[in-house]
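Presented below is the structure to which this report refers.
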Amino acid sequence: MHVPESPLWHQQEATALCRQFAVQQKQGLTAAQVAQAREQYGANILPAKKPLAAWRRLLRQFNNLLIYVLLVAAVLAGLLAEYLDAAVILAVVVVNATIGFVQEGQAEKALHAIGAMLSSKARVLRSGVTELLPASELVPGDIVILEAGDKVPADMRLLLVFNLQVQEAALTGESVAVAKHSAVMTGNVVLADRRNMVYSGTLVSQGRAVALVVATGTATELGRINQMLSSVAPLTTPLVKQISTFARYQTLIVLLMAILVFVLGYLRDYSLNYLFMAVVSLVVAAIPEGLPTILTVALAIGVTRMAKRNAIIRRLPAVETLGAVSVICSDKTGTLTLNEMMVSQIVLPGQRLNVSGSGYSPAGTVGDEDQEATDDDINTSNKQLSWLCRAALLCNDARLTERDNSWHIQGDPMEAALLVLAEKAGLERAQQVAQFPRHDEIPFDAAHKYMATLHSDHQGRGYILLKGAPEAVLALCSSVYVSDTEAGEALDMTDWQQQVEHIARDGQRVLALAIKCLDAQQTLLNQQDLETGVQLLGLVGLIDPPRPEAISAIASCQQAGIRVKMITGDHAATAAAIAAQLGLANSDIVITGAELDKLNDRQLAERIAKTAVFARATPEHKLRLVTALQLQGEVVAMTGDGVNDAPALKRANVGIAMGQGGTEAAREASEMVLLDDNFATIARAVAAGRNVYDNLKKAIAFILPVNGGESLAIILALLLAVTLPIMPLQILWVNMVSSIGLALALAFEPPEHNLMQRPPRPIDEALVSRFVLWRVLLVSVLFTTGIFAVFNWAIAQQLSVDYARTMAVNTLVAMEVWYLFSVRYMQGPSLSLQGIKGTKPVLMAVTLVFGLQLLFTYQPHLQQLFNTEPLQFKHGLICVAVGVVIFALLELEKWLKLRRTSRQQLS
């Protein structure tokens, strides 16, 4: 797959770009230029993928070998005038197709969701007049005015910038708003660091700007992701592959058996009508018609259980795929972390303090490593800490409110974190604002990299408070603050720069805070006021903290043999620090996007297994990493929330999107959505997926011997030239009513105790293992023996053929019921109180089947339909007794196997 690289607009002078597009910055494009550009570049929209027609989706449900064989059987039954048999077979096919059609009813909407991210309106300068136009009418060369709250309508080079900050998390993965400027940037700058560019679909959070449109529609970065998403084909899930393989083998076996029966019967001079009915009986008996229904219901149960745990499954097969996951590639921001900035560290002169708590909640404390400080300590003896927290509170435009038992912010996330710090330090906002009212301010600007506010108290003193980038604030400071009245201590610039580097190495963002004390009040503030007398208060380190529950969830995944890798657009140091706190294996090994570009496929395959953290990753990088892991045979789950994650989410075996903070594009490209944006939910979903697969294998091990016993009984009847013990319609009754009803109970089985202690199953593991195959053969022989024994006993007692067949069918159902209790514990004994007692679904299923068999045997209309006769009570007990014998023999087989295994382990 090739995605064309965007032109490096950030490396060109703004004036040169204007000349390139023949536009004047103060006039904009003319109507003629717009018409020419629209003809050349087209509309500023993304192409939408046409959804699959409903009739095509319906026909696709019949594209299955087992369904083909059933349709042929229905046709044969119709040709033989067995219209009821044909109608029932066709009804089974239609029911299964309907279930599949409904299951796939949700069409792919990812491209539409990305298209919806484009801005709907834009302020454009054309022919000297500012117009509000639909964003779809923008063309390269347009001059656009951006203001706070605007969604960026196209990729644009900034010409004039006024305190502009843009939230680019959906595109780059950057966790906080990015300050922008209009200066030229040289070199090969990665997307997340292009400060003089703004991109389609991102959001202006602060300030305003004038910008030149350089790319629209499919030529934008959003358009490139759209192209990537269009070219990514979703993978077939492991279970679907296994079912497909199983269907091929099952069909081949059924056809070979049917041909064999026909040839043997023909050589024995049976009539063609009898042979065709025998073939129809065999096909109906051998094919597990109920398997698609059992599969769908088992997956649906998994969906329901996961929904209760905040995981919404959008595509049913993803439930089981989760159980096979061997690698989880997780985004950092919002998934492994809270996506809430928090001050975690404070550096004062000669003192380093830790801040406890989580996210925007004000619950937490400020103290040193040995002893936490009280509110009284902070507000009296520790003047430096008190004024640092006061500056964080007052030199601040953010707002923090509590709603629905959670905290919400208005404004910049880092400013909100400073508000929380002040509350933890015991400073109440309303009280501080009233005590130190603001008179003037210097807003933050990327040119000077700080914000300053002017305040006064009620004793006639004035204060200038500053916060900003450490290099900018330190350059203004001449000393370190001690008290309002004392001269400051000398500023050791080298030491403070080392402190900044120390915090940055921990992956934290650093802000410096300072103060200038004035002898008298003043009402105006300008930059000249900061040329002298500014004193440093200290430094704060901010970080998007890890989710506490994600730490234990990662430990659980790693114990289950699942490797967790962090793929983020954030800085390498930040990603590595968070990875270490989360307990990721090999968290100290980091590969950046730039380093990744230098690796060929072979080198990447060698390093990807040992690398846990990939930083500064672009959408192409994420897609390449997921693909590389899959080529090594891994089943990959990918988490993400931004539009930049959508291609990798779609490519992954299981795409997992965020339901709270994620974009619609990410959700529509995924198989699963986390309502709580919590990595711990993924670990629980993996356990649920493993449980679903275990239960499916139990259901298959249950239903196949029933079909095998029926098939073997028909073959033996032909070979021995005896009457068929069960007729085709009776076989369909057993398969579609009794067998499915009992097998569905297995879909509700609780997880085994060692579910998350065993490694992921191999992706190429056969659905029918050797053990299951042996169990199918053994139980098929036992079922066949039971059917023939009862049928021939009834004939020997001078009972009618219909009576004998009624006994044979009830015996088969009784054997199924007792086999259900045996198969619940395939490796261990079922002859225990817990095993016999069963679960509520098992007991409900047995009760339901018992009631249906009573109707089958004694209800007149059903007697006429299925050619059955009412049984005497003592003959019904014989049917049950045969089932008990089968159960005892299977338990004996388990005991002998366990004994042999124990001896082998001892030797």
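The values are calculated or read from the model by the stated rules, or taken from the named source; none is laboratory data. Since the structure is predicted, the reported quantities are computational estimates derived from the model, not experimental observations. Note: ideal-geometry Cβ built from the backbone for every residue, glycine included; neighbour counts use all protein chains shown.
Just checking, does the range 349-360 include any residue being within 30 Å of LEU491 (Cα to Cα), touching a residue at least 24 places away in the same chain (Cβ under 8 Å), out of contact with any Ser or Thr (no Cβ under 9 Å at 6 or more places or on another chain) and surrounded by 20 or more Cβ atoms within 10 Å (Cβ to Cβ)?
yes
Conditions first: (1) touching a Pro at 6+ places or on another chain (Cβ under 6 Å); (2) surrounded by fewer than 18 Cβ atoms within 10 Å (Cβ to Cβ). GLU606 passes all but one, so which condition is the exception?
The single condition GLU606 does not satisfy is (1).
Among the residues of the range 21-39 satisfying the criterion of being touching a residue at least 60 places away in the same chain (Cβ under 8 Å) and either in contact with a Lys or Arg (Cβ under 8 Å, 6 or more places away or on another chain) or exposed (fewer than 12 other Cβ atoms within 10 Å of the Cβ) (or both), which is farthest from LEU138 (Cα to Cα)?
Filtering the range 21-39 down to residues touching a residue at least 60 places away in the same chain (Cβ under 8 Å) leaves 21-23, 25-31, 33-34, 37-38.
If we keep only those that are either in contact with a Lys or Arg (Cβ under 8 Å, 6 or more places away or on another chain) or exposed (fewer than 12 other Cβ atoms within 10 Å of the Cβ) (or both) as well, we get 26, 28-31, 34.
Values: LYS26: 17, GLY28: 12, LEU29: 11, THR30: 13, ALA31: 12, VAL34: 8 Å.
That would be LYS26.
Among the residues of the range 475-492, are any closer than 28 Å to ALA573 by Cα, surrounded by 19 or more Cβ atoms within 10 Å (Cβ to Cβ) and not small (Gly, Ala, Ser)? Outline the logic, then answer.
First pass over the range 475-492, keeping only residues closer than 28 Å to ALA573 by Cα: 475-477, 491-492.
Next cut, surrounded by 19 or more Cβ atoms within 10 Å (Cβ to Cβ) only: 476-477.
Pick out the ones that are also not small (Gly, Ala, Ser) and you get 476-477.
Within the range 475-492, one or more residues are closer than 28 Å to ALA573 by Cα, surrounded by 19 or more Cβ atoms within 10 Å (Cβ to Cβ) and not small (Gly, Ala, Ser).
Whether any residue in the range 733-749 is within 30 Å of ILE328 (Cα to Cα), assigned by TED's automatic domain parsing to the domain that holds PHE856 and in contact with a Lys or Arg (Cβ under 7 Å, 6 or more places away or on another chain) is what I want to check. Walk me through it before giving the result.
So the first thing to find is which residues in the range 733-749 are within 30 Å of ILE328 (Cα to Cα), and the list is 746-749.
Remaining after also requiring assigned by TED's automatic domain parsing to the domain that holds PHE856: 746-749.
Filter once more, so that each one left must be in contact with a Lys or Arg (Cβ under 7 Å, 6 or more places away or on another chain): 746, 749.
Among the residues of the range 733-749, at least one is within 30 Å of ILE328 (Cα to Cα), assigned by TED's automatic domain parsing to the domain that holds PHE856 and in contact with a Lys or Arg (Cβ under 7 Å, 6 or more places away or on another chain), which makes the answer yes.
So, of the residues in the range 331-348 that are of a type in the set (S, T, N, Q) and assigned to a strand (DSSP E or B), which turns out to be modelled with the lowest pLDDT? Write out each step before concluding.
At the first step, the residues of the range 331-348 found to be of a type in the set (S, T, N, Q) are 333, 335, 337, 339, 344-345.
Now restrict to residues that are assigned to a strand (DSSP E or B): 337, 344-345.
Details: THR337: 83, SER344: 91, GLN345: 92.
Restricting to residues being of a type in the set (S, T, N, Q) and assigned to a strand (DSSP E or B), the top hit is THR337.
For VAL473, indicate whether it is in the same structural domain as SER361 (by TED's automatic domain parsing) and touching a Pro at 6+ places or on another chain (Cβ under 6 Å). Give the derivation first.
Numbers: in the same structural domain as SER361 (by TED's automatic domain parsing): yes; touching a Pro at 6+ places or on another chain (Cβ under 6 Å): no.
It is false that VAL473 is in the same structural domain as SER361 (by TED's automatic domain parsing) and touching a Pro at 6+ places or on another chain (Cβ under 6 Å).
So which pairs qualify, if the first residue must be in the range 818-841 and at pLDDT below 70, the second must be surrounded by fewer than 15 Cβ atoms within 10 Å (Cβ to Cβ), the Cβ gap must be under 9 Å, and the two must be at least 6 apart or on different chains?
MET826/PHE771; GLN827/PHE771; GLN827/LYS897; GLN827/LEU898; GLY828/LEU898; GLY835/GLY828; GLY835/PRO829; LYS837/LEU843
What's the total number of residues in the range 15-32 that are farther than 20 Å from VAL184 by Cα and either assigned to a loop (DSSP other than H, G, I, E, B) or not assigned by TED's automatic domain parsing to the domain that holds ALA215 (or both)?
3
Collect the residues in the range 295-330 that are assigned to a loop (DSSP other than H, G, I, E, B) and modelled with pLDDT under 75, keeping them in residue-number order. Show your work before the answer.
The initial filter retains those residues of the range 295-330 that are assigned to a loop (DSSP other than H, G, I, E, B), namely 308-310, 314-317, 324-326.
ARG314, ARG315, LEU316, PRO317 - these are the residues of the range 295-330 that are assigned to a loop (DSSP other than H, G, I, E, B) and modelled with pLDDT under 75.
What's the number of the condition PHE791 fails, among (1) under 16 Å from GLU869 (Cβ atoms); (2) under 33 Å from the mean Cα position of the chain (by Cα); (3) among the hydrophobic types (A, V, I, L, M, F, W, C)?
(2) is the only condition that PHE791 fails.
Name the residue, out of ILE886, ILE878, that is within 28 Å of ASN810 (Cβ to Cβ), touching a Gly at 6+ places or on another chain (Cβ under 8 Å) and buried (at least 18 other Cβ atoms within 10 Å of the Cβ). If you could, list the steps in order and put the result at the bottom.
Numbers: ILE878 fails: touching a Gly at 6+ places or on another chain (Cβ under 8 Å).
Just a single option satisfies the conditions, and that option is ILE886.
Going through GLN528, GLN497 one at a time, which residue ends up being closer than 30 Å to LEU582 by Cα, more than 40 Å from the chain's Cα centre (by Cα), at pLDDT 90 or above and not in a strand (DSSP E or B)?
Numbers: GLN528 fails: closer than 30 Å to LEU582 by Cα.
Answer to the selection: GLN497.
Checking SER556 against (1) buried (at least 24 other Cβ atoms within 10 Å of the Cβ); (2) over 19 Å from HIS448 (Cα atoms): exactly one of these is not met. Which one?
Checking SER556 against (1) buried (at least 24 other Cβ atoms within 10 Å of the Cβ); (2) over 19 Å from HIS448 (Cα atoms), the one that fails is (1).
Among the residues of the range 848-907, write down those that are hydroxyl-bearing (Ser, Thr, Tyr) and part of a helix (DSSP H, G or I).
First, the residues of the range 848-907 that are hydroxyl-bearing (Ser, Thr, Tyr): 857-858, 868, 901-902, 907.
Passing the criteria: THR857, TYR858, THR901, SER902.
Can you pull out the residues in the range 118-165 that are among the small types (Gly, Ala, Ser), in contact with a helix residue (DSSP H, G or I) (Cβ under 7 Å, 6 or more places away or on another chain) and modelled with pLDDT under 90?
Passing the criteria: SER119, SER120, ALA122.
Only one residue in GLN206, GLN103 is within 24 Å of MET451 (Cβ to Cβ) and either touching a Ser or Thr at 6+ places or on another chain (Cβ under 8 Å) or modelled with pLDDT under 90 (or both), so which one is that? First the steps, then the outcome.
On the way: GLN103 fails: within 24 Å of MET451 (Cβ to Cβ).
GLN206 is the lone residue from the list that is within 24 Å of MET451 (Cβ to Cβ) and either touching a Ser or Thr at 6+ places or on another chain (Cβ under 8 Å) or modelled with pLDDT under 90 (or both).
Quick one: which residue in LEU454, LEU465 is outside any loop (DSSP other than H, G, I, E, B), among the hydrophobic types (A, V, I, L, M, F, W, C), touching a His at 6+ places or on another chain (Cβ under 9 Å) and more than 30 Å from GLY357 (Cα to Cα)?
When all the criteria are applied, what remains is LEU454.
When only residues in the range 559-576 that are β-branched (Val, Ile, Thr) and outside any helix (DSSP H, G or I) count, which is surrounded by the fewest Cβ atoms within 10 Å (Cβ to Cβ)? Working first, answer last.
Kept after step one, since they are β-branched (Val, Ile, Thr), are these residues of the range 559-576: 562, 564, 567-568, 574.
Checking the rest, the ones that are also outside any helix (DSSP H, G or I) come to 562, 564, 567-568.
Numbers: ILE562: 22, VAL564: 26, ILE567: 26, THR568: 28.
Among them, the one singled out is ILE562.
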